[in-house]
Amino acid sequence: MGKFAKYIPLPNKAIYWGIVATLAVIMWGIPRVIDVARIYDNFLSTVIVSVGAVTISVGIGALAAYALARYTGIAGIVILLAAIAFRSMPRMGYILPYFQVGQAIGIHDTHFLLIIVLVAVNQPFTIWMLRAFFLSVPREIEEAAMVDGASRLKAFVKVVVPVVWPGIVATSLFTLLVVYHEFILIRILTQSNQTLTVAMAQFIGGVSVPGSIPRQSAAAVIFVIPLIIVVLIFQKQFVKGIGDGAVKG
């Protein structure tokens, strides 16, 4: 349906949102019809955390990166250096404060806490990467839109974002990979809402028992398939975004 959306006499946005809603209903309904394994819950947690973290991180990062790309003062450089310094800190340097705050406000062991923490950890990466794409967009494009009556935000959404859309997709995929493979933060901050990366630790390593190899193989396949699907869907935008960054950066 998504592949042939342009040939269907319906608005493309309605088709895409319908596809997303259908997939959500299917994933929600499968455990109520079929007796699924425990790892299915880990798969749903992975989808919720990954989609939430990537959407919020790229959304906030795009606005911040655009502002830092257009602002040339010394404060912008200080913010960028502070962001990369925070990103360079070891995980154990700030995981305990997150754990204590999560317990204090009652959101420990929830998807919400995982999403907030992963957004905070990966925000510097998205800002730095998106800023490089926004720097490649001439100021005259958005200035022309503002002369025609558009506000700064409208010029950003309607003019700048379509130009750097491949770069946004590439940044989203890289952020997804980082979030998808996160282990130590999720292992400590949650017990019942663990993602596939943490769940696979029970199948890999340790003493082998009879029948463990098929479970390990099945877990590895389940872990890889979602990433393959996402990359195949956004392959063209990803390649174009990487190519634009290589040429202009």
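The values are calculated or read from the model by the stated rules, or taken from the named source; none is laboratory data. It should be emphasised that the depicted structure is a prediction, and the values quoted were computed from it without experimental measurement. Cβ: placed from backbone, ideal geometry, glycine included. Neighbour counts: every protein chain shown. When the accessible area is computed, the model is the full protein with side chains, heavy atoms only, and any ligands, DNA or RNA have been set aside. Shrake-Rupley method; radii C 1.70, N 1.55, O 1.52, S 1.80 Å.
Our coupling estimate for segment 10-15, obtained by passing each phi through the Karplus curve with A = 6.51, B = -1.76, C = 1.60 and θ = phi - 60°, is 9, x, 4, 4, 5, 5 Hz, Gly and Pro reported as x. With a ≥ b ≥ c the root eigenvalues of the C-alpha gyration tensor of the chain, is it rounded (a/c under 1.5), prolate (a/b larger than b/c) or oblate? Taking the square roots of the gyration eigenvalues as a ≥ b ≥ c, the chain is oblate. For segment 90-105, list residues with backbone N below 18 Å from a point placed 7 Å from the Cα of residue 183 toward its Cβ? Under 18 Å, as judged by backbone N against the label point of residue 183, lie 90-93, 95 of segment 90-105.
Roughly what angle does helix 95-104 make with the longest principal axis of the chain, taking Cα atoms, 0 to 90 degrees, to the nearest 10? For helix 95-104, the angle is close to 80 degrees. Is segment 89-142 rounded, prolate or oblate when judged by the Cα gyration tensor, a ≥ b ≥ c being the square roots of its eigenvalues, rounded requiring a/c under 1.5 and prolate requiring a/b larger than b/c? Note, shape of segment 89-142 comes out prolate.
Name the shape class, rounded, prolate or oblate, that the alpha-carbon gyration tensor gives for segment 15-70, where a ≥ b ≥ c are the square roots of its eigenvalues, rounded holds for a/c under 1.5, and otherwise prolate holds if a/b is larger than b/c and oblate otherwise.
oblate
For residue 144 and residue 107, the FRET efficiency from 1/(1 + (r/R0)^6), where r spans their Cβ atoms and R0 equals 45 Å, is about 0.50.
Take the solvent-accessible surface of the protein heavy atoms, probe 1.4 Å, and return the percent of it on the chain that carbon and sulfur atoms account for. Its accessible area is 73 percent carbon and sulfur atoms.
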